[in-house]
């Protein structure tokens, strides 16, 4: 901008987002960031003003629909993650709460690939990757049932 100008800057806060924050020129903008609404910075803007928006990406357990609340997908931000399905896995269970889930899914190989490390340190080989990153004809598991142990493809 060539000179100071007053206007409202609006940011959509996604419905899945939690703990969103906005900084203006390095300090908290103290703007409500309610999921599913618009955050509004209404002020006189000056040349060189800097806005920073933080959208933490955490895994959450997303039910398939309201009729099947225990059949869930793992979602991070707007992206569904799937588990590679071409490995023989030990029997394990995903945690029921999202805090434990986020602690037990750790980055592996790339920022968008995660491995599940249960508290007992069982070696779970199938990595969780974004659905869009799965190749054609590559087996995967998209939906998991919280009331049953994971589906076992084969046994030794």
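Observations, loosely collected:
- Among the residues of this structure, residue 56 does not count as one that is surrounded by 15 or more Cβ atoms within 10 Å (Cβ to Cβ) and out of contact with any strand residue (DSSP E or B) (no Cβ under 7 Å at 6 or more places or on another chain).
- In the stretch 9-27, of all residues being over 22 Å from residue 60 (Cβ atoms) and out of contact with any strand residue (DSSP E or B) (no Cβ under 7 Å at 6 or more places or on another chain), the one that is surrounded by the most Cβ atoms within 10 Å (Cβ to Cβ) corresponds to 25.
- Residue under evaluation residue 81, criteria (1) assigned to a strand (DSSP E or B); (2) under 30 Å from residue 7 (Cβ atoms); (3) within 19 Å of the chain's Cα centre (by Cα), criterion not met: (2)
- Here the condition is being exposed (fewer than 13 other Cβ atoms within 10 Å of the Cβ) and assigned to a strand (DSSP E or B); of 39, 2, 6, it holds for 6 alone.
- Taking the stretch 103-156 as the range and being under 20 Å from residue 70 (Cα atoms), out of contact with any helix residue (DSSP H, G or I) (no Cβ under 9 Å at 6 or more places or on another chain) and modelled with pLDDT under 90 as the test, the residues that pass are 141, 143, 144, 145, 146, 147, 148, 149, 150, 151, 152.
- Looking at 31, 75, just one residue is surrounded by 13 or more Cβ atoms within 10 Å (Cβ to Cβ) and outside any strand (DSSP E or B), and that residue is 31.
The values are calculated or read from the model by the stated rules, or taken from the named source; none is laboratory data. Everything numeric here is computed off the predicted structure, so don't read it as measured data. Reconstructed Cβ throughout: ideal geometry from the backbone, glycine too, with neighbour counts over all protein chains shown.
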